[in-house]
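Structure record follows, encoded as structure tokens.
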Amino acid sequence: MTSILVIVLYTAFQVFYWMLIARIIMSWFPQIRNVEALRPLIDFIIDVTDPFLKIFRSIIPTVSVGGVGIDFSPFIAIITLIIVQRIVIQILQGFF
């Protein structure tokens, strides 16, 4: 039997994962920030994901390729999130 806590945490990790994906996609289309109808959602996604991404941005520098800066920190953040999710869920499933 799966604990409600495991389900809630798994869902929270998944929601945060998709918010990071949305954040990456939004960075490819900066003009989306000008769409007034999406502004509250965009601001929410940025506010929620920024503290997590700042951890990785302080460690991983932006790489300059052909005069364009590429930020790999979101990709490392996603990989880290997936690893942490699996560890946490496995630990919790061991308890329940």
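Just so you know, all these numbers are worked out from the coordinates, no wet-lab data involved. Just so it is clear, the structure is predicted and the values come from calculations on it, not from any experiment. Because the Cβ atoms are built from the backbone with ideal geometry, glycine has one as well, and the counts that use them run over all protein chains shown.
Annotations
- For segment 68-96 and segment 32-59, distance of Cα centres in Å: 19
- Once the chain from Val68 to Met19 is taken as fully extended at 0.36 nm per residue, the excess over their C-alpha distance is 15.2 nm.
- Cα-Cα pairs of the chain separated by more than 19 Å (percent): 52
- Inter-label distance, Trp28 to Ile87: 3.0 nm, where each label sits 7 Å from its Cα along the C-beta direction.
- Fluctuation leader among Leu81, Leu53, Leu38 - the chain, Gaussian network, Cα springs under 10 angstrom: Leu38
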